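Every read-out reported here was derived from the displayed coordinates using simple, explicitly stated rules and does not represent laboratory data. Values in this document were obtained by computation on a predicted structure and should not be read as measured data. We place every Cβ from the backbone using ideal geometry, glycine too, and count neighbours over all the protein chains shown.
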Amino acid sequence: MLVKAAPGVKVPMEGMPRRYIEQTPAEVPDTPYYRRRITDGDLVVVPAPRAAAKATAVRKEASNDQP
């Protein structure tokens, strides 16, 4: 999942306490550690970019058109 830190917060990466997630979105695994940080408000889930979502929708439509 793609996450970034809440404004003014630095969140240590799981298993790497000297590396931090800050304002730049980072891809992290869906683990209890990151879920807890999201629930606490320290991390925010970043939505998928619209271009990627739109491309996926176009591909699905194209595959539905084939016999």
Cβ-Cβ below 9 Å, separation at least six or inter-chain, first residue in the stretch 2-16 and within 14 Å of Pro29 (Cα to Cα) and in contact (Cβ under 8 Å) with a residue 24 or more places away in the chain, second part of a strand (DSSP E or B) and not aliphatic (A, V, I, L, M): which pairs?
-> Leu2/Glu27; Val3/Glu27
Pairs with Cβ under 9 Å, 6+ apart, first in the stretch 21-43 and farther than 14 Å from Val9 by Cα, second polar (S, T, N, Q) = none
